[in-house]
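> The structure that follows is given in the form of structure tokens.
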Amino acid sequence: QVLLVESGGGLVQAGGSLRLSCVASGSFVSINLMGWYRQAPGKQRELIASLTNIPTEGTTYYRPPVEGRFTISRDSAKNTWYLQMNSLKVEDTGVYYCNANVDTETYYALDYWGKGTLVTVSS
């Protein structure tokens, strides 16, 4: 079992910054992909940013509206990844979930989710 715990959400004014963290714990061999998703009020959950070793180590993806403002990074030694969010906009408001695709000793490519952390950007 793998447990993901997010932190760092909160209330911030437009133009401000927040850094989200996600810590993975439990029994796994490797983390193949780390991601951040956002679910805005009344909308579906969507991928915001991801970090993977495929095709090369450190391959990142950003949803276009956040590219240039958000940065995903990781501390492999701590099994932790981050989402630095700068120049926040009201439309960035939502619940942010971290996601991990992991290999365990028994299974490959299992998906796990955190419970989410709320980010509210005020105008």
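> What is the calculated FRET efficiency for Lys115 to Thr56, with r their C-beta to C-beta distance and R₀ = 35 Å, to the nearest 0.05?
For R0 = 35 Å, the calculated efficiency reads 0.65.
> Accessible area per residue for segment 1-82 in Å², computed with a 1.4 Å probe and the full protein assembly in place, what is it?
Here the residues of segment 1-82 average 56 Å² of exposed surface.
> Could you list the GluC sites (Glu not before Pro) in segment 40-114 that lie in coil according to DSSP, counting only those with at most 16 other Cβ atoms within 10 Å of their Cβ?
Values: sites: Glu46, Glu57, Glu67, Glu91, Glu105; in loops: Glu57, Glu105.
Sparse-neighbourhood loop GluC sites (Glu not before Pro): Glu57, Glu105.
> Something else: In segment 76-116, which chymotrypsin sites (Phe, Trp or Tyr not before Pro) fall in coil by DSSP and have 13 or fewer other Cβ atoms within 10 Å?
Tyr107, Tyr108
> Also, quick follow-up: Take the chain, connect every pair of alpha-carbon atoms lying under 10 Å apart with a spring to form a Gaussian network, then pick out the residue of Asp75, Asp103, Asp92 with the largest mean-square fluctuation.
Fluctuation is largest for Asp75.
> Over segment 1-67, with every protein chain in place, what whole percent of the accessible area is carbon and sulfur at 1.4 Å, could you tell me?
Details: 1980 of 3800 Å².
The computed percentage sits at 52.
> What does a probe at Val23 reach in segment 74-92, counting residues whose amide N is under 13 Å from the point 7 Å along Cα→Cβ?
Flagged as within label range: 78-81.
> Related question: Can you give the translational diffusion coefficient of the chain in µm²/s, computed by Stokes-Einstein from the Kirkwood radius over Cα pairs at 25 °C and 0.890 mPa s?
Rounded, D is 169 µm²/s.
> Over the chain, what relative contact order in percent results from Cα pairs under 8 Å that are six or more residues apart?
Once normalised by length, the contact order is 36 percent.
> Quick one: order Phe28, Phe70 from most to least accessible surface, probe 1.4 Å.
From most exposed to least exposed: Phe28, Phe70.
> If amide H atoms are built 1.01 Å from N in the plane of the peptide, which residues on other chains or at least 5 residues away come under 5 Å of the amide H of Lys89?
Under 5 Å from the amide H of Lys89 lie the amide H atoms of Gly15, each far enough along the sequence or on another chain.
> Which residue fluctuates most in the GNM of the chain (Cα springs below 10 Å): Gly94, Gly15, Gly42?
For the chain, modelled as a Gaussian network with Cα springs under 10 Å, the answer is Gly42.
The values are calculated or read from the model by the stated rules, or taken from the named source; none is laboratory data. Keep in mind that what you see is a predicted model, and the values were worked out from it rather than measured. Note: ideal-geometry Cβ built from the backbone for every residue, glycine included; neighbour counts use all protein chains shown. Side chains are part of the model used for accessible areas, which takes the heavy atoms of the whole protein and leaves out ligands, DNA and RNA. Shrake-Rupley method; radii C 1.70, N 1.55, O 1.52, S 1.80 Å.
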